[in-house]
Amino acid sequence: MLSAADMLLAYAARQISPVEIVKAALAAIEADNERVNAWVHVASEAAIRDALASELRWARGVPLGALDGVPVGVKDLLAVAGQPMRRGSPAYPASFVPAEDAPIVTRLREAGAILIGKTATPDSGCKLDTTSLVHGITRNPYNPALTPGGSSGGTGAALALGHVAIAIGTDGGGSIRVPAAYCGVFGIKPSTGRIPAPIGPFWPHAVTGPMTRGVLDTALVWNTVTQPDARDPYAMPTTRLDWVAETKLGVAGLRVALTTSFNGIGATPEITQAVQKAAEALARAGAIVQLDEPTWPCDPLDPFMVFWRCMYAQSLAMMPPDQAANVDPFIKDIVAAAAGISRSEFQQAMTQRDMLALAMSNFHQKYDLMICPVMPCQPWSAGRATPPPFSEDNWSWCPFAYPFNMTRQPAASIPMGKDVNALPLAAQIVAGHGRDDLVLRAAFTIAGNNT
């Protein structure tokens with residue numbers, strides 16, 4: 001699969017057509033999906049129809065927008081008008097078809113993207129693995145015995161296999177970055193508000209954003225999807241940035257903290273070496289790299305677990321009881337744990353979240369960027385929410401992703417080659433809230449022109 005940028009150049013030069021690209025994508029999905037289970041719905045007829053319309057527009061020299069004819073997958077937590085939406089959950093019937101697009105999907109459709117189908121998620125995005133009671137187990141393209149991560153595991157797998165160049169994920173505790181790391185693709189959790197998203201019980205921790213096979217494709221999509229939408233009253237004001245041009249500005253003079261552990265928890269030697277290699281790439285490009293680590297005012301796990309449990313409790317409370325009764329038992333266990341959280345404990349968690357955000361804001365007065373692991377370990381067996389011996393609702397072993405959902409900062413997973421088992425390695429880049437541009441610049445510097 002071509003990059004989205006190369007696809008658009010080929011369309012403009014009449015070297016290839018959107019119909020050819022979409023047919024190739026559909027053929028690849030058919031060939032691979034039984035093995036990996038990345039897609040839960042493929043809108044074949046609609047995709048061909050939209051590709052034919054795009055082909056005509058390109059032939060006339062009047063493309064609809066900046067992504068005309070580019071096939072895109074959408075995680076099945078987000079609404080695509082006319083396509084089924086199960087959210088990976090038995091609580092949503094197969095007959096449920098939204099009438100309205102999610103904000104990011106609206107922008108993609110306006111730009112001419114072809115919404116080729118829905119990618120797999122666990123029930124309501126509840127795990128760092130992608131297994132659901134309605135769609136089964138999604139598997140890692142590099143080793144089907146292993147997890148692709150979650151909860152945007154279908155998105156990560158589809159990208160890794162080259163089915164599409166762009167697919168949409170969501171991230172409430174690492175759900176873009178973990179599958180990106182485990183599938184060897186690029187994924188950035190934007191600053192909260194950067195890309196308009198549906199408001200609901202998971203706001204402000206959960207954000208929406210494109211995952212791609214390369215950094216420049218993400219920047220290309222951001223030129224379209226970072227526009228404001230009235231359905232997200234907390235969205236940032238529109239920016240005049242050309243994200244593609246911004247991504248190419250380099251990192252000379254930027255101050256970077258290299259962090260290999262949080263609260264005494266580190267990563268495997270191979271992951272640590274990958275993070276150090278990423279830091280060396282920034283240093284060669286003129287960044288000033290120094291070993292340092294944030295000082296947390298509290299253990300970030302404490303408030304996160306309060307919010308995680310209460311968000312799912314609120315999500316179930318908003319459903320009719322007969323619908324809520326059908327959710328994954330994993331979620332029922334999370335909600336049961338929420339029942340013991342007092343009002344004062346929730347208020348304390350809100351205060352701790354503000355303290356964590358302030359601590360990171362102060363940290364970024366000293367450093368423009370931080371580089372650290374995404375995960376402490378490589379993928380485990382598909383079908384489990386956590387690696388053994390950890391219980392499935394235990395987040396203590398993976399401290400690098402969820403803190404930045406609470407602090408609302410941008411953070412990205414960058415591919416860093418393969419380990420001795422030919423599994424992808426990754427490093428994470430983090431910047432202060434609103435400095436998504438710095439994350440993209442660093443990611444492009446590390447990943448190079450091939451991503």
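Brief remarks follow.
- Rounded if a/c under 1.5, otherwise prolate or oblate - segment 240-330, Cα gyration tensor axes: prolate
- Whole-angstrom gap from segment 7-35 to segment 175-241, using each part's C-alpha centre: 24 Å
- Averaging the sequence gap over all C-alpha pairs within less than 8 Å and six or more residues apart, then dividing by the number of residues, gives segment 1-113 a relative contact order of 25 percent.
- For segment 124-197, taking the reciprocal of the average inverse distance between every pair of different Cα atoms yields a Kirkwood hydrodynamic radius of 12.2 Å.
- Applying 1/(1 + (r/R0)^6) with r as the Cβ-Cβ distance of L64 and L249 and R0 = 30 angstrom yields a FRET efficiency of 0.55.
- Relative contact order for the chain: 17 percent, from Cα pairs under 8 Å spaced at least 6 residues apart, divided by residue count.
- Label-point separation in nm, D322 to I288, each point 7 Å along Cα→Cβ: 6.6 nm
- As a length-normalised measure over Cα pairs under 8 Å and 6 or more apart, the relative contact order of segment 194-272 settles at 28 percent.
- Rg/Rh for the chain stands at 0.95; both radii use Cα atoms, and Rh follows the Kirkwood definition.
- For a straight C-alpha distance cut-off of 13 angstrom, the aspartates and glutamates reachable from K366 (same-chain residues fewer than eight places away being disregarded) are D292, E293.
- FRET efficiency, D354 to A46 (Cβ-Cβ, R0 45 Å, nearest 0.05): 0.50
- Most tightly packed first, judged by the mean number of other beta-carbon atoms within 10 Å of their residues, the peptides 173-185, 433-445, 134-146 read 173-185, 433-445, 134-146.
- For M7, net neighbour charge (Lys/Arg +1, Asp/Glu -1) across residues whose Cβ lies under 11 Å away: -4
- Separation between Cα centres of segment 274-306 and segment 243-263, rounded to whole Å: 10 Å
- Taking the average, over residues, of other Cβ atoms within 10 Å as the packing measure, peptides 109-120, 299-310, 332-343 rank 109-120, 299-310, 332-343 from highest down.
- For segment 183-244, the alpha carbon convex hull comes to 78 Å³ per residue, rounded to a whole number.
- Across segment 48-65, the residues whose backbone nitrogen lies under 16 Å from the label position 7 Å along the beta-carbon direction of R14 are 55-63.
- Restraint check, K23/K248; K189/K248; K23/K127; K75/K332; K75/K248, Cα-Cα greater than 24 Å: K23/K248; K23/K127; K75/K248
Every number in this text was worked out from the coordinates using simple rules, so none of it is lab data. Just so you know, these numbers come straight off a predicted model, no measurement behind them. Positions of Cβ are generated from backbone atoms using ideal geometry, with glycine treated the same way; all protein chains shown enter the neighbour counts.
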